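Enquirer: Starting off with a structure, shown below.
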Amino acid sequence: QVKLVESGGGSVQVGGSLRLSCAASGSISDINSMGWYRQAPGKQRELVATITSSGDIYYADSVKGRFTISRDNAKNTVYLQMNSLKPEDTAVYYCYVDMVRPYWGKGTLVTVSS
């Protein structure tokens, strides 16, 4: 069994920063990629950023230049540094780990207010 624990969400004003963390534990092996999705109220879940085991990184266009994803392989942890936050970044952020199948965290709420 795999467990993902997210932390770092909260409320921030426009232009502020937050850092999300997601630690994976349990039967961890051969991680292909780790990353973050988000789901805003009334919208579909969308991919925010992902990082592969070889270090390849993808960002959604909406967050490029503002968000930075990183991972600590020794700790099976993925991070998302979010800067210059905008109201449209308000969402529940879910981390995932892709092994033989994807595993999901329960989500952490990020609220950006003007």
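The values are calculated or read from the model by the stated rules, or taken from the named source; none is laboratory data. The shown structure was predicted, so the numbers you read here are calculated from the model rather than taken from an experiment. Quick reminder, even Gly has a Cβ in these numbers, built from the backbone with ideal geometry, and neighbours come from all protein chains shown. Note: areas computed on protein heavy atoms with side chains; ligands, DNA, RNA excluded. Shrake-Rupley method; radii C 1.70, N 1.55, O 1.52, S 1.80 Å.
Enquirer: Looking at the range 60-72, can you tell me whether even one residue there is within 13 Å of the chain's Cα centre (by Cα), open to solvent by 40 Å² or more (accessible area, probe 1.4 Å) and more than 19 Å from S17 (Cα to Cα)?
Expert: no
Enquirer: I want to confirm something. Restricting to the range 73-91 and keeping residues that are crowded, with 18+ Cβ neighbours inside 10 Å and hydrophobic (A, V, I, L, M, F, W, C), which single residue is nearest to I28 (Cα to Cα)?
Expert: V78
Enquirer: Do you know which of the residues in the range 58-102 that are part of a loop (DSSP other than H, G, I, E, B) and among the aliphatic types (A, V, I, L, M) is nearest to S7 (Cα to Cα)?
Expert: Within the range 58-102, the match that is nearest to S7 (Cα to Cα) is L85.
Enquirer: Within the range 35-47, does at least one residue satisfy the condition of being aliphatic (A, V, I, L, M) and without any contact (Cβ under 8 Å) to a residue 24 or more places away in the chain?
Expert: yes
Enquirer: Please verify whether A49 is open to solvent by less than 30 Å² (accessible area, probe 1.4 Å), small (G, A, S) and within 13 Å of Y94 (Cβ to Cβ), treating the condition exactly as stated.
Expert: Taking the combined requirement at face value, the residue satisfies it.
Enquirer: Which residues, taken from the range 53-76, are among the polar types (S, T, N, Q) and at pLDDT 95 or above?
Expert: S62, T68, S70, listed by residue number.
Enquirer: Sticking with this structure for a sec: Report yes if T108 is open to solvent by less than 40 Å² (accessible area, probe 1.4 Å), of a type in the set (S, T, Y) and either under 17 Å from K3 (Cβ atoms) or touching a Leu at 6+ places or on another chain (Cβ under 7 Å) (or both), otherwise no.
Expert: yes
Enquirer: Take the range 10-44 and flag every residue that is surrounded by 14 or more Cβ atoms within 10 Å (Cβ to Cβ), modelled with pLDDT of 95 or more and not in a strand (DSSP E or B).
Expert: Of everything in the range 10-44, those that are surrounded by 14 or more Cβ atoms within 10 Å (Cβ to Cβ), modelled with pLDDT of 95 or more and not in a strand (DSSP E or B) turn out to be G16, A40.
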